[in-house]
1. Return yes or no: is K25 part of a helix (DSSP H, G or I) and open to solvent by 90 Å² or more (accessible area, probe 1.4 Å)?
2. For the range 58-89, which positions are open to solvent by 70 Å² or more (accessible area, probe 1.4 Å), closer than 14 Å to E102 by Cα and outside any strand (DSSP E or B)?
3. All but one of (1) open to solvent by 30 Å² or more (accessible area, probe 1.4 Å); (2) within 22 Å of G70 (Cα to Cα); (3) touching a residue at least 12 places away in the same chain (Cβ under 8 Å); (4) more than 13 Å from the chain's Cα centre (by Cα) hold for V43; which doesn't?
Amino acid sequence: MSSADIGTNVVFKKQLGLNYEIDQKYVGLKMKENNVLSFNFRVPGDLIGEIEAYFKRFKLGEPILVDIGGTGDIKCDFKGLSPVLKSKEELDQYFISATLQEDKQYDPLEEEKCETCSGCGFH
């Protein structure tokens, strides 16, 4: 996939098809030790409630897939959600972070071998 083919959205995928898609202009990503990923959202007020509500559906350790720009799913486990913070500089801007841990044991070939699944990626 060339860089011209990479999309502009980040899609978070919960089991049972509960997805959340957001423009990557609102998302920052930091890689930390032990494959921990911090997705940092900087969004206007009209988006903060739906982001917070989406991630509050997850239990600690629950699997989540992330697709950045249509480059393919990254299998992770949910590790937590920060409190919402309001920007002091911008009038209608809020911050929230979702912490995920990439599952390095994930073998995408196993998904292809599953005959009973429709390709959900959650095993």
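The values are calculated or read from the model by the stated rules, or taken from the named source; none is laboratory data. Bear in mind that the values here come from a model prediction, so they are computed numbers and not experimental data. Note that we place each Cβ from the backbone using ideal geometry, even for glycine, and neighbour counts take in every protein chain shown. Keep in mind that these areas ignore ligands, DNA and RNA; they rest on the heavy atoms of the full protein, side chains included. Shrake-Rupley method; radii C 1.70, N 1.55, O 1.52, S 1.80 Å.
1. Values: part of a helix (DSSP H, G or I): yes; open to solvent by 90 Å² or more (accessible area, probe 1.4 Å): yes.
Yes, satisfied.
2. Across the range 58-89, the qualifying residue is only L60.
3. V43 satisfies every listed condition except (1).
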